[in-house]
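Colleague: A single structure is presented below for examination.
Bear in mind these aren't lab numbers, they're just calculated from the coordinates by the rules spelled out. Everything numeric here is computed off the predicted structure, so don't read it as measured data. Every residue, glycine as well, gets a Cβ built from its backbone with ideal geometry; the counts of neighbours run over all protein chains shown.
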Amino acid sequence: MEKVLEGKVAIVTGASRGIGAAIAIRLGLMGANVVVNYAHSTSAALEVVKRITESGPQSIAVRADVRQTSEIKKMFAAALEKFGRLDILVNNAGILQNKPIKDVSEEEFDDIIALNVKSVFFACQEAAKVIADGGRIINISSTVTKMLLPTYGPYAATKGAVDQLTRVLAKELGHREVTVNSLSPGPVDTELFRAGKTEEQILQMAGMAALGRIGTPEDIADAVSLLVRDESGWISGQNICANGGMAG
Ligand SMILES: NC(=O)c1ccc[n+]([C@@H]2O[C@H](COP(=O)([O-])OP(=O)(O)OC[C@H]3O[C@@H](n4cnc5c(N)ncnc54)[C@H](OP(=O)(O)O)[C@@H]3O)[C@@H](O)[C@H]2O)c1
């Protein structure tokens with residue numbers, strides 16, 4: 001793979017598994033040095049670091065619960081101390097809840113807001129202070145904001161918030177040629193997606209995509225690989241779907 005990101009530095013939140021791990025490994029294959037953030041899964045995060053360093057670039061795992069702003073600051077400090085710059089931030093860490101709105105507790109609501117919105121907001125705030133001119137911020141949203149399925153109330157609300165803060169930040173950072181976009185996967189084969197679903201439900205969701213299957217983490221890494229290139233410098237403030245034609 002062409003090393004178009006050689007010398008650049010990326011932070012990927014929630015990169016110990018699933019979509020985040022695939023994105024971190026892809027950015028490494030493109031030549032970037034990568035900070036692999038995680039909250040609990042140390043051995044999985046170290047495995048991702050190993051995959052990246054084996055392909056050439058440097059990488060560190062940084063344990064930080066991004067629901068806490070102090071931990072976000074710690075993660076950015078670790079990145080700058082190790083690599084001296086930041087070019088790419090991918091806000092990927094997120095959780096899913098499936099419940100009708102009438103059954104969601106205040107605690108559950110606060111939990112999903114803390115990870116899916118607050119962490120993205122404050123990581124964007126830190127990035128806005130230090131990201132290099134021409135940098136890239138990609139916030140992982142969801143096609144649920146278009147599908148509006150029952151039981152996705154809090155989740156859809158969080159991803160709608162991510163899309164909106166993305167648009168505003170794009171306006172605030174454009175003068176430095178920093179682009180800010182949100183990227184909406186459809187269903188992707190990860191632990192988050194499979195939890196609590198029957199094989200029949202998964203097949204049904206696969207059938208909703210034009211391409212007739214659910215996505216892989218690598219499909220989403222492919223989309224990220226386009227947005228981080230120099231050639232995507234004119235794409236900013238957008239919500240881009242990578243969902244096999246499920247909705248747009
Ligand atoms: N999978 C889908 O179908 C789908 C569809 C649309 C959008 N998305 C979005 O894509 C993103 C990734 O989803 P996924 O399916 O890859 O999820 P996943 O397989 O559950 O992985 C989640 C990742 O986030 C990390 N994480 C969890 N809590 C964290 C915290 N407080 N601080 C830092 N890291 C934390 C986990 O690390 P630890 O294990 O160390 O906690 C893990 O690496 C999410 O934003 C999700 O909403 C997913």
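Colleague: For the list (1) surrounded by 13 or more Cβ atoms within 10 Å (Cβ to Cβ); (2) touching a strand residue (DSSP E or B) at 6+ places or on another chain (Cβ under 9 Å), I need the number of the one condition that Lys171 fails.
Modeller: The single condition Lys171 does not satisfy is (1).
Colleague: Which condition does Tyr155 not pass, out of (1) farther than 26 Å from Arg26 by Cα; (2) over 17 Å from the mean Cα position of the chain (by Cα); (3) part of a helix (DSSP H, G or I), if it passes all the others?
Modeller: Answer for Tyr155: the failing condition is (2).
Colleague: Considering only the stretch 162-180, I want to know if a residue exists there that is of a type outside the set (Val, Ile, Thr), out of contact with any Pro (no Cβ under 6 Å at 6 or more places or on another chain) and closer than 26 Å to Ser41 by Cβ.
Modeller: no
Colleague: Go over the candidates Ser141, Ser184 one by one and state the one that is of a type outside the set (A, V, I, L, M) and closer than 26 Å to Glu106 by Cβ.
Modeller: Only one candidate passes the filter, namely Ser141.
Colleague: How many residues are surrounded by 15 or more Cβ atoms within 10 Å (Cβ to Cβ), away from the ligand (no atom under 15 Å from the Cβ) and in a loop (DSSP other than H, G, I, E, B) when one looks only at the stretch 174-228?
Modeller: Matching residues across the stretch 174-228 total 2.
Colleague: Given Val130, Val104, Val117, which one is within 20 Å of Tyr38 (Cβ to Cβ), out of contact with any His (no Cβ under 7 Å at 6 or more places or on another chain) and surrounded by fewer than 23 Cβ atoms within 10 Å (Cβ to Cβ)?
Modeller: Val117
One line per residue, one yes/no per condition, for (1) in contact with a Phe, Trp or Tyr (Cβ under 8 Å, 6 or more places away or on another chain); (2) under 27 Å from Ala223 (Cβ atoms):
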position: Ser59; (1), (2): no, yes
position: Asp65; (1), (2): no, yes
position: Ser70; (1), (2): no, no
position: Phe76; (1), (2): no, yes
position: Phe83; (1), (2): no, yes
position: Leu86; (1), (2): yes, yes
position: Ala93; (1), (2): no, yes
position: Leu96; (1), (2): yes, yes
position: Ile101; (1), (2): no, no
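Colleague: If you go through the stretch 9-35, how many residues are over 14 Å from Ala221 (Cβ atoms) and surrounded by 24 or more Cβ atoms within 10 Å (Cβ to Cβ)?
Modeller: Residues in the stretch 9-35 being over 14 Å from Ala221 (Cβ atoms) and surrounded by 24 or more Cβ atoms within 10 Å (Cβ to Cβ): 6 in total.
Quick grid of which residues meet (1) of a type in the set (D, E, K, R); (2) touching a Cys at 6+ places or on another chain (Cβ under 7 Å); (3) in contact (Cβ under 8 Å) with a residue 40 or more places away in the chain; (4) under 22 Å from Ala132 (Cβ atoms):
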site: Ile11; (1), (2), (3), (4): no, no, yes, yes
site: Ala15; (1), (2), (3), (4): no, no, yes, yes
site: Ala22; (1), (2), (3), (4): no, no, yes, no
site: Glu47; (1), (2), (3), (4): yes, no, no, no
site: Thr53; (1), (2), (3), (4): no, no, no, no
